Structures are given as structure tokens and as C-alpha cells.
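*Asks:* What follows is a single structure, and I will ask about it in a moment.
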Amino acid sequence: MEALYFSPMLLGVNLVLAVAIAATALWVVARPIPGPAWWMAGAWMLVAGVLVFFLFVVTRSAALNILANALQLAGEAVLMLGIFRFVGRPLPYWIVPASVLLIMAFNLHYWYTAGNSDFLMMVYSLIAGLLPLQAVQLLLWHRDEPATRPARLLVGVCLAIYSLVTLLRAWFAAEAWLSGQPYVQPYESFSYLLPYNFALPALLMGFIGMVLMTMQRILAGSRANAEQARQIALRFERLLNVSSAGVAVLKDGRLSDANQQLEALTCCTREQLLGRAFEEFFPKRARTALAKLLHDADGNVVDVDVKRGDGSSFPAELRVVPLDDEGPGDVVVELRDIAHRRAMEEELKRLATVDPLTGALNRRSFNSQFERSMKRAARHKSALCLAVLDLDHFKIINDVQGHQAGDDALCQFSQMCLGEARSTDLFARFGGEEFVLMLPDTEMEGARIILQRLLDGASRLSMVGARGAFSIHVSAGVAQFRQGDTLDTLMQRADRALYIAKDKGRNRVELAD
């Protein structure tokens, strides 16, 4: 035992054990990178093989000798498979059973025939020295991953040294066998101790290179992930800024990111936006509904009023969606200014109810409102008059002064009537040069006075056409609502009164019977 204590064998065992422990730690921290798991398994098989060999030295058991040699070669083969696994090459699994079966066969032959130990050492060393050569070639010529190439070269050189020393050990063993040298204890044999003094340190350095390879791959992956994250962030920022809508990312109800369009919409700089509570941009009465929208984040579009930094406000569409799919968390908010759309909607509503040329009500809108007024007059037995007005000789105006002058006459007359009408009156263009005027709470005489004022105002309008200045005149017929009347019957009576006014010389008001 004293000789064993002072020999390199014990140091070699400790080195292999240190490699196994380090390989285990590397496997834990480097998962799921392929390779370290194989290195860990191979290192522990080497440790087991060396420990079993120590037992063989003590017991001289043939079974322990066979098992020790098989475990050591299997561990070395598994270490080499880890190299292939790390660089992503197909694994030559055959080297494990081939190495184990070959050494077991020679080992059995040695014990059954009382063979020469140097011959057995030669066979073992040849197998152990040849095992790393495939991995060495792969490490030195593999160029697919530049980031790990320095460490791969270190591992390749160290394994080459290990292989060279082990093959040199085979040479010495072969020389001792062929020369018939007497048997000596393994820890006294130069050829046996050669790997402990030189090959195992090379293997240890190779393992350090394996650790460096793993760390370099992890570092390269981290750099790639960081660059990918930077590119994603840059792309996200570009997407935010190219959007025509204001976009913000909210964290716990506060703005953590915002695009340039949101700055323009809210009249706030980015510095003023970031960290600010999102609810501050909304009226207090709307904040309860806003909190629900932010919580649900269901992507539904709602119309809201948004306050700007200068105190003004604008109508907007608001949409809230989650930033990720893992439950409540950060949300993305999209704000789109719809002031233009609102204005268009209002204009469309107005155009649906008014005549586009004159601005007076159109026929459909007038009929709808007149029906309600007529029902009210019938229910309350209140007075209601309907007047039909027509521009005199309008065709002549168009033919002589031009259609533009005719349109101008219609517009000026309409604007004058709308200006003179009471807030409760309804003034509409029914088509061409024909207009109607509803006068609620008005008797016939009052209606006549109002219409006469309109006719007088029309005659004072100043018109200019293709042939110079001209004036317009208007005829009107008025009928008063009676119980049982409909819009059609009332209109018919007012029309008959208008025809009478035309027959009596135009430019006058005629009352229906």
C-alpha cells in the first residue's frame, strides 16, 4: 500500500474522479446542450473501472480484472461519443461494444491460458489509443461552429497526446512481451505508469477544453439571443412607429413604451408619456369602464374621448389586447383618431337629411318630421299650416342667365328662408324650384304674413348671371291642417292655392279654402 501511495496511480484516480465530478456539474448547468451528459457517463465509468482495478490488485480476481478493463474502455468510448454528440455528427455507437467485447475476449484468453500480461497490456493500449482518433479528426477539421473552434482545437490536441502516449505504452508492452521480460507489478511497470504520468493529465486538459467548448457555445448562444432580442425590439419599435395609430404598451396600467404617433395624438413627449398612468388621458367618468377594458383585453374596439396634454380632447377608437398569452399581464393599447371619421359620419347624416345644393331639408326628412308635427297638432288640436313655394319663371332664368345663375338663385333663396324661419318651422326643397314650409302653431293669417315677408325678401335678393343682374320672384300657396288631414291631402290643397297664385299673376301668396 505504501508503494501505491507514492505511485502516480493514486493521483491518476483522483484526477479521473475530479473529472467525473466536474463533468456532472457541467451537465447540470449546461443542459440541454448535447455532449456533457455523455462526458459525465464516460467519466464515471472510468472512475468505476479504476476502482475495480484497485480491487483486482488486492484480490487478484480474474472477474474484477475483466470488469475493470471493460469499464475503462467503455468509459473512454462513451467520452468519445460525447464529442460526436456535441458537434452534431452521427454517433459511431459500435465503438462501445466493439471495444468491450474485444478486451473481454483477450482478457478471458489471458486468464484461461495463463497468458502474458504484457501482451494483454499491449492489446488494451492499442484499443484505448485508437478510440480517440475519430474524435481527434472531427475536432481538428470540424469548421461548422467558429465560436467553439479554439476550445475544439485544445481538446483535439490533448486527445491526440493521450492517444499517442497510450499507443506508446502499447509499443513498450509489445517490446516487453516479445523480449520475454519478467512480470512486474503494475505500479512498478514503466509502460503501465506511462499513461498515469502523461496520458491522464492530457485527458484532464482535454476535459478542460470540453468545458471551454460548452461555455463558448453557451456564450455564443447568449450573444445570438441578445442580438435576436435586440433585432426583435428594433423591429417592434419600427412596427410601432410605422403604424398610423397611437400604440402603447402598458404595465400595471402605466405606459412602459409608446410610439411616435401616440406622442403626436396626446401632444406629449415620450419622456412625459413613459411611466404615466394611462387613465389620466380619459375623463373621470370613463375611468371605471376603461379599467374593465384594460382588465379584459379582449380586442374589442370602443369609441372613447381622449384628453391631450394641452387640455383639449379628441374622439378615438380604443383597442386593448394582451402582450402575451399567459394570463393577465402587460397589454398593448391602440388609439386611433376618428375625428375625421366622426366629421364624415356627421356630414353623411346631414347629407341624408338635407338637399346638397341648397342646404334645406330634403323631401324624405321633411315628410318624416312633418308626420310627427301633424300628429301632435291633431292630438293637441293646435294650428298647423303648410306652404308650397315656387320660383316664378325659373326655366327662363336658367335659359337666359345660365344654370349656374339658376343654382345660385335657389341657394340664396333657401338661405334667406332658413334665416327668416323660426326654430320650430321646417323648410325643405321638394325638387327643382319647388319648396315647402311647415309652420306649427300658426293660423292662416299668421302664415300669410310670414310668407309675404319671405316673398318680399326674395325680390330684394341681388343676382348676377350671364346676361347681367336679375331678380327673382316667388309664388306661394298655404293650407291649414284640419282633423283627418294627411300629408297628401294637405299638400294637395296647398298646391291648388299655389296654382291659383300663379294664375293671378305670380309673386303673391294665396290661401287655400
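*Asks:* So, in segment 335-363, how many residues would count as being in contact with a Ser or Thr (Cβ under 8 Å, 6 or more places away or on another chain) and not in a loop (DSSP other than H, G, I, E, B)?
*Replies:* 5
*Asks:* Additional query: Just to be sure before I move on: is Arg89 within 23 Å of Trp177 (Cα to Cα) and basic (Lys, Arg) in the structure I sent?
*Replies:* No; evaluated as a whole, the condition is false for this residue.
*Asks:* With respect to Asp503, determine if the residue is surrounded by fewer than 21 Cβ atoms within 10 Å (Cβ to Cβ), among the acidic types (Asp, Glu) and either closer than 24 Å to Val400 by Cα or at pLDDT 95 or above (or both).
*Replies:* For Asp503, the condition - surrounded by fewer than 21 Cβ atoms within 10 Å (Cβ to Cβ), among the acidic types (Asp, Glu) and either closer than 24 Å to Val400 by Cα or at pLDDT 95 or above (or both) - is met.
*Asks:* Further question: From the list Arg89, Arg85, which one is assigned to a loop (DSSP other than H, G, I, E, B) and either in the same structural domain as Leu178 (by TED's automatic domain parsing) or on the phi > 0 side of the Ramachandran plot (or both)?
*Replies:* Selected residue: Arg89, the only one of Arg89, Arg85 that is assigned to a loop (DSSP other than H, G, I, E, B) and either in the same structural domain as Leu178 (by TED's automatic domain parsing) or on the phi > 0 side of the Ramachandran plot (or both).
Listed here are the residues, each with its yes/no results for (1) assigned by TED's automatic domain parsing to the domain that holds Cys411; (2) within 30 Å of Gln415 (Cβ to Cβ); (3) among the hydrophobic types (A, V, I, L, M, F, W, C); (4) surrounded by fewer than 12 Cβ atoms within 10 Å (Cβ to Cβ).
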| site | (1), (2), (3), (4) |
| --- | --- |
| Leu255 | no, no, yes, no |
| Arg285 | no, no, no, yes |
| Asp305 | no, no, no, no |
| Leu318 | no, no, yes, no |
| Pro322 | no, no, no, no |
| Glu334 | no, no, no, no |
| Leu348 | no, yes, yes, yes |
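*Asks:* Still on this structure, please answer the following. Of the conditions (1) assigned to a loop (DSSP other than H, G, I, E, B); (2) at pLDDT 85 or above; (3) under 15 Å from Gly246 (Cα atoms), Val320 fails just one. Which one is it?
*Replies:* (1) is the only condition that Val320 fails.
*Asks:* Give me the pairs: first residue in segment 258-284 and under 15 Å from Val331 (Cα atoms) and in contact (Cβ under 8 Å) with a residue 24 or more places away in the chain, second residue assigned to a helix (DSSP H, G or I) and of a type in the set (A, V, I, L, M, F, W, C), beta-carbon distance under 8 Å, and six or more apart or on different chains, which are they?
*Replies:* From segment 258-284, the pairs are Phe278/Leu290; Phe278/Leu294; Glu279/Leu290; Glu279/Ala291.
*Asks:* Can you tell me how many residues in segment 383-416 are closer than 16 Å to Phe370 by Cβ and either touching a Leu at 6+ places or on another chain (Cβ under 7 Å) or surrounded by 23 or more Cβ atoms within 10 Å (Cβ to Cβ) (or both)?
*Replies:* Residues in segment 383-416 being closer than 16 Å to Phe370 by Cβ and either touching a Leu at 6+ places or on another chain (Cβ under 7 Å) or surrounded by 23 or more Cβ atoms within 10 Å (Cβ to Cβ) (or both): 6 in total.
*Asks:* Still on this structure: Hey, Glu326 hits all of (1) in the same structural domain as Arg453 (by TED's automatic domain parsing); (2) at pLDDT below 85 but one; which does it fall short on?
*Replies:* Failing condition for Glu326: (1).
*Asks:* Could you grab me the full set of residues in segment 18-50 that are of a type in the set (Val, Ile, Thr) and touching a helix residue (DSSP H, G or I) at 6+ places or on another chain (Cβ under 7 Å)?
*Replies:* Listed by number, the residues that qualify are Val19, Thr24, Ile33, Val47, Val50.
*Asks:* I would also like to ask the following. Checking Ser382 against (1) in the same structural domain as Gly465 (by TED's automatic domain parsing); (2) assigned to a strand (DSSP E or B), only one condition comes out false. Which one?
*Replies:* Answer for Ser382: the failing condition is (2).
*Asks:* If we scan segment 79-88, do we find a residue that is under 28 Å from Gln216 (Cα atoms) and loosely packed, with under 14 Cβ neighbours inside 10 Å?
*Replies:* Looking through segment 79-88, at least one residue is under 28 Å from Gln216 (Cα atoms) and loosely packed, with under 14 Cβ neighbours inside 10 Å.
*Asks:* Would you point out the residue of segment 441-486, among those that are hydrophobic (A, V, I, L, M, F, W, C) and in a helix (DSSP H, G or I), that is surrounded by the most Cβ atoms within 10 Å (Cβ to Cβ)?
*Replies:* The qualifying residue surrounded by the most Cβ atoms within 10 Å (Cβ to Cβ) is Leu451.
*Asks:* Next up: Counting only residues that are at pLDDT below 80 and touching a Gly at 6+ places or on another chain (Cβ under 7 Å), which one in segment 165-222 is nearest to Leu46 (Cα to Cα)?
*Replies:* Initial filter on segment 165-222 (at pLDDT below 80): 180-200, 221.
After this cut, where a residue has to be touching a Gly at 6+ places or on another chain (Cβ under 7 Å) as well, the list is 196, 200.
Numbers: Tyr196: 13, Leu200: 11 Å.
Among those residues, the one meeting the criterion is Leu200.
*Asks:* Among the residues of segment 431-440, write down those that are surrounded by fewer than 21 Cβ atoms within 10 Å (Cβ to Cβ) and among the charged types (D, E, K, R).
*Replies:* Glu434
*Asks:* So Ala512 fits all but one of (1) small (Gly, Ala, Ser); (2) surrounded by fewer than 12 Cβ atoms within 10 Å (Cβ to Cβ); (3) in contact (Cβ under 8 Å) with a residue 24 or more places away in the chain; what number is the exception?
*Replies:* For Ala512, the failing item is (2).
*Asks:* Would you mention how many residues in segment 388-404 are of a type in the set (Asp, Glu) and either in contact with a strand residue (DSSP E or B) (Cβ under 9 Å, 6 or more places away or on another chain) or assigned to a strand (DSSP E or B) (or both)?
*Replies:* Total satisfying the criteria: 2.
*Asks:* Consider segment 397-437. How many of its residues are without any contact (Cβ under 8 Å) to a residue 40 or more places away in the chain, in contact with a helix residue (DSSP H, G or I) (Cβ under 8 Å, 6 or more places away or on another chain) and among the hydrophobic types (A, V, I, L, M, F, W, C)?
*Replies:* 0
*Asks:* Just a yes or no: is a residue in segment 105-113 small (Gly, Ala, Ser), out of contact with any helix residue (DSSP H, G or I) (no Cβ under 8 Å at 6 or more places or on another chain) and at negative phi?
*Replies:* yes
*Asks:* Of Glu271, Glu237, Glu280, Glu263, which residue is modelled with pLDDT under 85, of a type outside the set (Lys, Arg), loosely packed, with under 15 Cβ neighbours inside 10 Å and not assigned by TED's automatic domain parsing to the domain that holds Ala147?
*Replies:* Glu237
*Asks:* Name the residues in segment 126-149 that are surrounded by 22 or more Cβ atoms within 10 Å (Cβ to Cβ) and charged (D, E, K, R), would you?
*Replies:* Within segment 126-149, none qualify.
*Asks:* Do we have any residue at all in segment 405-428 that's within 19 Å of Asn367 (Cβ to Cβ), out of contact with any Lys or Arg (no Cβ under 9 Å at 6 or more places or on another chain), hydroxyl-bearing (Ser, Thr, Tyr) and not in a helix (DSSP H, G or I)?
*Replies:* Residues of segment 405-428 within 19 Å of Asn367 (Cβ to Cβ): 414, 417-418, 421, 424-428.
Narrowing the set further to residues that are out of contact with any Lys or Arg (no Cβ under 9 Å at 6 or more places or on another chain) leaves 417-418, 421, 424-427.
Next, only the ones that are hydroxyl-bearing (Ser, Thr, Tyr) stay: 424.
Applying the additional criterion that residues be not in a helix (DSSP H, G or I) yields 424.
Checking segment 405-428: at least one residue is within 19 Å of Asn367 (Cβ to Cβ), out of contact with any Lys or Arg (no Cβ under 9 Å at 6 or more places or on another chain), hydroxyl-bearing (Ser, Thr, Tyr) and not in a helix (DSSP H, G or I).
The values are calculated or read from the model by the stated rules, or taken from the named source; none is laboratory data. Because the structure is a prediction, the values reported are computed rather than measured. Glycine gets a Cβ as well: all are built from the backbone with ideal geometry, and neighbour counts include every protein chain shown.
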